[in-house]
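Heads up: the structure comes next, in structure tokens.
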Amino acid sequence: GSTSAPITVKAYSGEKPVVKGLFWLSNASYWTIDGINVAWGSGASSEHMVKMLGGTGWSLKNAEISGAHS
């Protein structure tokens, strides 16, 4: 994305999607993640459950992050 063309990943109205496991984004400039929940998966891991590396102007909002084991 860019300042003139941002990217939005948003839950469908009335829905509460859940990503189970690791949620990682790299170099996600001008992304908005809205209403996407993240929950710990069944596997054991010492990795961070949610990781956003690099990029600028990104945001994570209206999200629930639960059960992290890292």
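From the square roots a ≥ b ≥ c of the eigenvalues of the alpha-carbon gyration tensor of segment 1-44, which class results: rounded (a/c under 1.5), prolate (a/b over b/c), or oblate?
Taking the square roots of the gyration eigenvalues as a ≥ b ≥ c, segment 1-44 is oblate.
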Extending each Cα 7 Å along its Cβ direction at A5 and S46, get the distance between those two points in nm, one decimal. 4.2
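What is the extension gain from L53 to S13, computed as 0.36 nm multiplied by their sequence separation minus the C-alpha to C-alpha distance, in nm to one decimal? The partial results should precede the final answer.
Working: separation 40, 0.36 × 40 = 14.40 nm, distance 2.81 nm.
So the extension gain works out to 11.6 nm.
Taking a probe of 1.4 Å, how large is the accessible area per residue of the chain, in Å²?
Values: 4710 Å² over 70 residues.
That works out to 67 Å² for each residue.
The values are calculated or read from the model by the stated rules, or taken from the named source; none is laboratory data. Source: prediction; values computed, not measured. For neighbour counting, all protein chains shown are included, and Cβ atoms are generated from backbone atoms with ideal geometry for every residue, glycine included. SASA here: full protein model, heavy atoms, side chains in, ligands and nucleic acids out. Shrake-Rupley method; radii C 1.70, N 1.55, O 1.52, S 1.80 Å.
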